[in-house]
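Notes follow the structure.
The values are calculated or read from the model by the stated rules, or taken from the named source; none is laboratory data. Values in this document were obtained by computation on a predicted structure and should not be read as measured data. No Cβ is skipped: glycine too gets one built from the backbone with ideal geometry, and neighbour counts run over all protein chains shown. To get the accessible areas, we keep the full protein, side chains included, count just its heavy atoms, and leave off ligands, DNA and RNA. Shrake-Rupley method; radii C 1.70, N 1.55, O 1.52, S 1.80 Å.
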Amino acid sequence: MKIDFLGVRFANPIVLASGILGVTAASLKRCIDLGAGGVTIKSLSLKSRTGHRNPTMGGYDHFFLNAVGLSNPGIEAGIKEIKKFKKICHAPLIGSVFAGNVAEFGIVTKRICSAPIDILEIDISCPNVGEEFDTPFAYSVEAAVAITKVVKKYAKRVPVSMKLSPNAWNIGAIAAACEQAGADAITAINTASGMTIDSAFQAPFLSNTVGGVSGPALKPIALKAVWDVYNSVKRIPIIATGGVTSGEDAAEMMLAGGTLVGVGSAVFWRGPDVFGKIVAELKQYMKQHNMRNVKSIIGKAHKSRSA
Ligand SMILES: Cc1cc2nc3c(=O)[nH]c(=O)nc-3n(C[C@H](O)[C@H](O)[C@H](O)COP(=O)(O)O)c2cc1C
């Protein structure tokens, strides 16, 4: 199940997605102990943020809705947790940052790259902070390119993955533009913009009204996004994320073109040991299909289609 991604060796392709199970070294290590091949830290900003008022999260039968509002302890506190994690665990850690403008992306990137992260993910696609930050940068080619260029300048040795949004109609073109601007990988996708209405209270459920949809309902959207990105980029790999709750889901994401597979909301339905469960199921899938190397799954659905 071992897999190399941007020169970093993962014990298996299943990684914790950003924003789930906290930012502490202990909770990140727990995911590794429970079977994840790597972990992504909650996105960090220059200053700490409390996020939106409650209610910020709701779990439903087929999806999860959140508008946490990018609450995080700030980059300096986050760096302390990253250092602690690296002392107690040798597994790969993907850093994650976000900012409100191009210059600030440069500053947070420079800071986090002073910490022992293996890869850096750039969150330009959070759908629930629109009132504060306006439209996500991931909705436009120009904005995504501008951020990619500045983070690449400051990331130096650390490979960078740009995290894109399913709400951009042209995600393939945006991914290709990020690649041209120097991105080393694409993470597809963040949550999709959505909302629920509380029929009893006759009002939006979230305090922020709108939030991000994740979990099983997001999977077909994520698969299409990964498919488009795989078709559009020339050489860079994909961290395929969105709605994966089983080994079969993970296989589908790899068949569509993912090299690593991000798992977040599945923890809500299957518990924190979901990582090990998915890895075991993915192994079973490979056995059933006579596949010995996990790499052979990547992009296979594209080849089968044209055969
Ligand atoms: C509660 C919650 C918080 C999240 N916070 C972040 C975040 O800080 N940064 C980020 O890039 N993505 C964040 N995400 C998005 C996830 O990393 C992931 O892209 C999305 O949930 C789809 O994957 P899933 O269906 O496996 O959850 C968050 C998702 C949830 C549910």
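Got the relative contact order for the stretch 120-277 handy, in percent, Cα pairs under 8 Å and 6 or more residues apart?
On the way: 312 pairs, mean separation 31.0, N = 158.
Relative contact order comes out at 20 percent.
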Checklist line | Partners for LYS149 among aspartates and glutamates (Cα-Cα distance below 20 Å; same-chain residues under 8 apart left out) | finding: GLU104, ASP118, GLU121, ASP123, GLU179, ASP184
Next item on the list: Would you please give the residues with an amide H less than 5 Å from that of ALA192, counting only those at least 5 places away or on a separate chain, with H modeled from the backbone geometry?
Entry: VAL213
Note to self: Using only the heavy atoms of the protein chains and a 1.4 Å probe, how would PHE275, PHE64 rank by accessible area, largest first?
What the structure shows: PHE64, PHE275
Next item on the list: Rank these residues by their accessible area, most exposed first, probe 1.4 Å: THR259, THR135.
Entry: THR135, THR259
Checklist line | Label zone at ASP33 (point 7 Å along Cα-to-Cβ), backbone N below 20 Å, the stretch 73-116 | finding: 81-94
Next item on the list: Report the one residue of PRO92, ALA25, ILE79 whose Cα lies farthest in the direction of the positive end of the charge dipole of the stretch 18-95 (charges on C-beta: Lys and Arg +1, Asp and Glu -1; origin at the Cα centre).
Entry: ILE79
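Using a 1.4 Å probe over the heavy atoms of the protein chains, calculate the carbon and sulfur portion of the accessible area of the chain as a whole percent. Mind dumping the intermediate values first?
On the way: 7070 of 13070 Å².
That share works out to 54 percent.
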Check: How long are the semi-axes of the ellipsoid equivalent to the stretch 51-185, from square roots of 5 times the Cα gyration tensor eigenvalues, in whole Å, largest first?
Finding: 23, 22, 14
Check: Can you list the residues, at least 5 places off or on another chain, whose amide H is less than 5 Å from the amide H of SER96, using H built in the peptide plane?
Finding: ILE41, LEU44, GLU121
Margin query: For the pairs LYS163/LYS234; LYS29/LYS234; LYS83/LYS283; LYS156/LYS219; LYS87/LYS153; LYS87/LYS219, flag any whose C-alpha to C-alpha distance is greater than 23 Å.
Written below: LYS29/LYS234; LYS83/LYS283; LYS156/LYS219; LYS87/LYS153; LYS87/LYS219
Next item on the list: Report ³J(HN,Hα) in whole Hz for each residue of the stretch 145-160, in order, from the Karplus equation J = 6.51 cos²θ - 1.76 cosθ + 1.60 where θ = phi - 60°; Gly and Pro get x.
Entry: 5, 4, 5, 4, 4, 6, 5, 5, 5, 8, 6, 6, 6, 8, x, 10
Notebook entry, point to check: When the chain is modelled as a GNM with alpha-carbon springs shorter than 10 Å, which of ALA168, ALA225, ALA200 fluctuates the most?
Noted result: ALA200
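Would you tally the net charge around VAL145, using a Cβ to Cβ cut-off of less than 11 Å, leaving VAL145 out, and scoring K and R as +1, D and E as -1? Display every interim value, and only then the final one.
On the way: positive: LYS149, LYS152; negative: GLU142, GLU179.
Result for the neighbourhood of VAL145: 0.
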Notebook entry, point to check: Can you work out ³J(HN,Hα) from phi for every residue in the stretch 10-20, in order, using Karplus 6.51 cos²θ - 1.76 cosθ + 1.60 and θ = phi - 60°, giving whole Hz and x for Gly and Pro?
Noted result: 9, 5, 7, x, 8, 10, 5, 6, 5, x, 10
Item checked: Cα lying deepest toward the dipole's positive end in the stretch 153-307, options HIS289, VAL229, PHE275, charges on Cβ -> HIS289
Item checked: Derived scalar couplings ³J(HN,Hα) [the stretch 66-77; Karplus, 6.51 cos²θ - 1.76 cosθ + 1.60; whole Hz; x for Gly, Pro] -> 9, 9, 5, x, 6, 5, 6, x, x, 4, 5, 5
Item checked: Cα gyration tensor shape of the stretch 210-251, rounded if a/c is under 1.5, else prolate or oblate by comparing a/b with b/c -> oblate
Next item on the list: Using only the alpha carbons, work out the radius of gyration and Dmax of the chain in angstrom.
Entry: 17.9, 54
Note to self: Give the aspartates and glutamates reachable from LYS287 as a straight Cα distance under 13 Å; neighbours fewer than 8 places away on the same chain don't count.
What the structure shows: GLU248
Notebook entry, point to check: Placing +1 at every Lys and Arg Cβ and -1 at every Asp and Glu Cβ, with all other atoms neutral, what dipole size does the chain have around its Cα centre, in debye to the nearest 20?
Noted result: 1240
Next item on the list: List every residue whose amide H lies under 5 Å from the amide H of ARG49, counting only residues 5 or more places away in sequence or on a different chain, with H placed 1.01 Å from N in the peptide plane.
Entry: ASN72, GLY74
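Tell me, what is the per residue accessible area of the stretch 3-306 in Å², probe radius 1.4 Å? Display every interim value, and only then the final one.
On the way: 12780 Å² over 304 residues.
About 42 Å² of surface per residue is accessible.
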